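Undergrad: Following this message is one structure expressed as structure tokens.
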Amino acid sequence: MCIYAGIIGFGYMGHYHLGKSKGIDGLEIISAYDTDPQKLADAKSMGLTIFDTLEQMLADERISLVFICTPNHKHAELSIRALNAGKHVMCEKPVTMNADELEAVIAAANRNRKVFTVHQNRRWDADFLAISKVVASKDIGHITSIQSRVFGQRGVCFGWRADPLWGGGMLYDWGVHLIDQALCLFAENRITSVYARLQSILTPAVDDCFDLQLMFDNDVCVKVQVGTFCLQDLPRWFVCGDRGTLMVQAINTTAGGMARIREDVQGFDSVFGLHNLGPSRTMAPLRADYLETLIVPDVVADANEYHRNLVASVQGSETPYVSHRDMRRVMRVVDTAFESTKRNEVVKGEI
């Protein structure tokens with residue numbers, strides 16, 4: 001059974017999903033709607049059926065799945081309208097502007113018995129898949145802290161992402177991806193506290209830089225950083241365990257390094273007999289033979305897996321990878337991050 005789909009919002013991500021659909025068995029995007037006549041003309045030139053009104057698209061009985069690719073502030077409203085029209089919905093991230101909006105959308109999905117999910121494609125990045133393997137394997141021991149960051153150099157948020165009324169800012173943009181990844185790494189654990197510092201450095205109205213710290217109930221601290229004006233590189237990931245460390249350099253690569261201390265090495269074994277270290281002996285390097293150099297795991301990153309699962313979910317043979325619970329947790333973290341920034345303090349409570 002082929003799933004026929006339509007796109008609401010034929011901008012960058014609308015084009016992305018159209019292109020992605022070409023490699024997915026059982027999915028064909030046949031139509032598009034946008035309020036911009038130029039984008040409608042673009043969609044028509046690419047062979048899609050276009051509609052003058054959203055009501056016309058939602059009334060098209062051929063369409064069973066809708067991709068919502070509009071600016072963020074329209075996600076909740078359009079998702080509910082599509083669900084109430086009997087369509088399954090895949091919404092771009094952030095799924096909504098806050099957790100309350102999300103609850104209204106989930107209620108509509110449940111009421112209409114339709115699939116509703118969000119596009120968290122960063123779960124299939126090679127760097128994240130490698131990190132996930134190491135965390136699960138305990139190759140560097142029990143994880144104590146994780147640094148997850150995405151830095152750019154442009155300095156300002158692009159287009160409508162610089163407008164707070166449209167849901168702009170980096171917490172809504174890259175932030176929801178990195179929060180989702182952190183929650184996937186520790187899916188069975190609860191967040192016990194959140195501290196966030198959102199800044200507007202070169203983009204006056206929205207956050208173009210933020211620091212976010214998540215404490216989990218297993219005593220793991222995940223620090224998330226996003227910045228649009230960072231002119232030197234830092235690793236995409238730095239992971240500390242109680243037996244070793246792991247570094248991955250960049251997005252969608254496993255280039256980096258991993259090492260752990262040998263089982264028989266304890267404490268200051270490596271500096272016995274050295275008398276010239278003075279007060280720096282705590283930070284003394286280990287002898288090379290006391291360390292094991294490990295290989296960052298090989299991974300197979302299937303960029304089509306999200307869309308394949310989406311089709312199977314609409315067909316009823318699978319459940320969506322990104323569940324309602326997943327979406328709720330991400331949006332509760334986002335809400336709490338805004339609250340933490342406003343209060344300038346750690347916000348405690350289970351998420």
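Undergrad: Which ones in the range 218-250 are without any contact (Cβ under 8 Å) to a residue 24 or more places away in the chain and either exposed (fewer than 15 other Cβ atoms within 10 Å of the Cβ) or farther than 24 Å from Val299 by Cα (or both)?
TA: Residue satisfying the conditions is Gln232 alone.
Undergrad: Still on this model: Only one of (1) out of contact with any helix residue (DSSP H, G or I) (no Cβ under 9 Å at 6 or more places or on another chain); (2) in contact (Cβ under 8 Å) with a residue 60 or more places away in the chain; (3) surrounded by fewer than 18 Cβ atoms within 10 Å (Cβ to Cβ) is not met by Val134, so which one is it?
TA: Just one mismatch for Val134, condition (3).
Undergrad: List the number of the failed condition for Met283; all other conditions in (1) at pLDDT below 85; (2) among the hydrophobic types (A, V, I, L, M, F, W, C); (3) closer than 19 Å to Asp125 by Cα hold.
TA: Only one criterion is unmet by Met283, namely (3).
Undergrad: Follow-up question, since we're still on this one. Tell me, which helices (runs of 4 or more DSSP H) lie completely within the range 1-75 with 2 or more residues that are over 20 Å from Ala303 (Cα atoms) and of a type outside the set (Ser, Thr, Tyr)?
TA: Details: elements: 12-21, 37-45, 54-59.
It comes to 37-45, 54-59.
Undergrad: Okay, moving on. So Arg190 ticks every box in (1) under 17 Å from Val322 (Cα atoms); (2) surrounded by fewer than 21 Cβ atoms within 10 Å (Cβ to Cβ) but one. Which box is left unticked?
TA: For Arg190, the failing item is (1).
Undergrad: Identify, by number, the condition in (1) of a type outside the set (A, V, I, L, M); (2) touching a helix residue (DSSP H, G or I) at 6+ places or on another chain (Cβ under 8 Å); (3) under 18 Å from Thr192 (Cβ atoms) that Glu339 doesn't meet.
TA: Glu339 satisfies all of (1) of a type outside the set (A, V, I, L, M); (2) touching a helix residue (DSSP H, G or I) at 6+ places or on another chain (Cβ under 8 Å); (3) under 18 Å from Thr192 (Cβ atoms) except (2).
Undergrad: State whether one or more residues within the range 84-94 are among the polar types (S, T, N, Q), in contact (Cβ under 8 Å) with a residue 12 or more places away in the chain and within 23 Å of Gly6 (Cβ to Cβ).
TA: Taking every residue of the range 84-94 in turn, at least one turns out to be among the polar types (S, T, N, Q), in contact (Cβ under 8 Å) with a residue 12 or more places away in the chain and within 23 Å of Gly6 (Cβ to Cβ).
Undergrad: Name the pairs whose Cβ atoms lie under 9 Å apart, with the first residue in the range 178-197 and over 18 Å from Thr341 (Cβ atoms) and in a helix (DSSP H, G or I), the second basic (Lys, Arg) and at pLDDT 95 or above, and 6 or more positions between them or separate chains?
TA: Here the result reads Asp180/Lys93; Asp180/Arg122; Asp180/Arg123; Asp180/Arg329; Gln181/Arg122; Gln181/Arg123; Leu183/Arg329; Cys184/Arg123, each pair linking the range 178-197 to a residue that is basic (Lys, Arg) and at pLDDT 95 or above.
The values are calculated or read from the model by the stated rules, or taken from the named source; none is laboratory data. From a predicted model like this one, the values you see are computed outputs, not experimental measurements. Because the Cβ atoms are built from the backbone with ideal geometry, glycine has one as well, and the counts that use them run over all protein chains shown.
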